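Below: one structure, written as structure tokens.
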Amino acid sequence: MATQSDTDNTSDASTGAETNGASAPSQGSGDRESRLLKAEAIVHRNVLWAFSAGILPLPMFDLVAITGVQVKLLKELSDLYGLEFTEGIAKKAVTSLLVGMGGVGLGGAIGASMLKFVPVVGYALSAASVPVVSGALTHAVGRAFIMHFESGGTILDFDPKAMREFFKTEFERAKETVSKLDPKQAKAAASSEPEIEVTPTP
């Protein structure tokens, strides 16, 4: 899960190759640091929401809720960077990232959610795995798009294949941290954490 200490890992975003001719934001280092802190706070809050959504008892409904959280995450990041947002394109981008993860991505999430159909044991297994996978995937989605936006990209030119390895790395890094979250505390924190005031990038 993203923390302020993780912002150093985003430093390579500003030196990444420009995407389709788009130039990276031109603010000074102080502005960039502030922007990254806001971006990481947005990711953190949505990880908590995704984790909480993964606890929902209805099979498949949890995945719909989690997808909604991830789309909301991209909307908030787009607002932060002053970029145009299109919900349909955002959903396709998220789906492409998850499909690229193979069994631990979209397929794994669906399989874990379906376990909730199995009384007692199935639900217990699902309740233990879906929130962690949901939170870690949401963290990875956020980190991938922060890197992409910092390099001057937009949702329109996002390339899931180019981000696949980075996405997998961020997912694996987040799993251990997310697994330590307490469900009740995560839900309370997600509800009480204030919205981040953003100033769109000119």
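The values are calculated or read from the model by the stated rules, or taken from the named source; none is laboratory data. Quantities reported herein were computed from a predicted structural model and do not represent experimental measurements. Cβ: placed from backbone, ideal geometry, glycine included. Neighbour counts: every protein chain shown. With ligands, DNA and RNA removed, areas are computed over all heavy atoms of the protein, side chains included. Shrake-Rupley method; radii C 1.70, N 1.55, O 1.52, S 1.80 Å.
Descriptive notes on the structure:
- Among residues of segment 164-186 that are on the phi < 0 side of the Ramachandran plot, those with a beta-carbon under 9 Å from a residue that is open to solvent by 70 Å² or more (accessible area, probe 1.4 Å) and modelled with pLDDT of 85 or more at least six positions away or on a different chain give the pairs ALA186/TRP49.
- Among residues of segment 52-64 being crowded, with 19+ Cβ neighbours inside 10 Å and among the hydrophobic types (A, V, I, L, M, F, W, C), the one that is modelled with the lowest pLDDT is LEU56.
- Looking only at residues in segment 160-176 that are part of a loop (DSSP other than H, G, I, E, B) and closer than 14 Å to VAL99 by Cβ, the one that is farthest from the chain's Cα centre (by Cα) is LYS161.
- Filter result for LYS180 (at pLDDT 80 or above and open to solvent by 10 Å² or more (accessible area, probe 1.4 Å)): yes
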